[in-house]
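All remarks here apply to the structure that follows.
The values are calculated or read from the model by the stated rules, or taken from the named source; none is laboratory data. The structure displayed is predicted, hence computed values, not measured ones. Methodologically, a virtual Cβ is constructed for each residue, glycine included, from the backbone with ideal geometry; neighbour enumeration extends over all protein chains shown.
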Amino acid sequence: MNDDLKNPQLRALQYWLMDGVFELLVGFVFLLAAIIYYVQESTPGSLLNKVLGIASVILVCGVGFGGRWIIQRIKERTTYPRTGYVAYKSGRKNKGDVVITISVMALILAFVVFTTVTDTKLIAWGPVVCGLLMGAFMVQTGYRLDLPRFYILALLGLLIGAGLVVSGLRIELSLPLFFGLNGLILLISGSLTLWKYLRSNPVPPAETPDEQ
């Protein structure tokens with residue numbers, strides 16, 4: 001593919017992440033995951049524990065299948081009135097993006113559930129494993145769309161995971177902290193990106209009847 005064809009496609013894909021809404025959504029989900037996991041570990045064997053276990057599965061599936069719809073609704077109020085709407089072709093590439101997102105979330109959830117249920121010592125490395133999975137997704141996104149801020153997010157996620165493992169905190173604290181801290185970082189990144197976008201792209205004045 002030559003540059004003349006590649007660059008417009010690249011800009012179209014970058015447009016999906018230029019306003020920080022994606023980071024805001026994932027950051028919010030991470031904070032919810034941190035709360036759910038912490039409460040689960042604090043109430044072993046209870047009905048609430050079982051309900052939250054089901055809720056965590058619904059959360060992952062809901063974000064995986066409904067995340068694009070949620071982002072579209074937000075963009076209709078923030079992005080499209082300012083810089084217009086971009087229609088994305090439905091094809092293998094878009095389906096691949098959904099599969100990658102769902103797969104990463106499913107792998108993280110599967111690791112947490114497996115290590116918790118089997119009570120294996122591998123759970124102590126949970127923050128690092130989750131950091132590697134999240135980092136791989138962020139690096140892949142940053143590389144494919146040429147967005148350097150995702151490299152920083154990947155590095156911070158891995159450093160947080162490694163730091164929590166080295167700290168020796170119990171997994172009941174370290175894993176919620178991993179998701180909570182990364183959630184806060186994503187919310188900060190998304191908020192700053194959105195603030196910069198809104199400041200650089202004010203809503204154009206409405207056309208008067210004489211101008212139409």
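Quickly run through segment 141-159 and pick out the residues that are modelled with pLDDT of 85 or more, in a helix (DSSP H, G or I) and out of contact with any Pro (no Cβ under 7 Å at 6 or more places or on another chain). Across segment 141-159, the qualifying residues are Tyr143, Arg149, Phe150, Tyr151, Ile152, Leu153, Ala154, Leu155, Leu156, Gly157, Leu158, Leu159.
Scanning segment 152-203 for residues that are on the phi > 0 side of the Ramachandran plot and of a type in the set (Val, Ile, Thr) returns no hits. Screening Gln14 on (1) assigned to a helix (DSSP H, G or I); (2) of a type in the set (S, T, N, Q); (3) modelled with pLDDT under 75 shows it passes everything except condition (3).
Among the residues of segment 153-163, those that are within 15 Å of Gly183 (Cα to Cα) and surrounded by 14 or more Cβ atoms within 10 Å (Cβ to Cβ) comprise Leu153, Ala154, Leu155, Leu156, Gly157, Leu158, Ile160, Gly161. Can we say Phe178 is assigned to a helix (DSSP H, G or I), aromatic (Phe, Trp, Tyr), modelled with pLDDT under 85 and over 19 Å from Gly67 (Cα atoms)? Taking the combined requirement at face value, the residue does not satisfy it.
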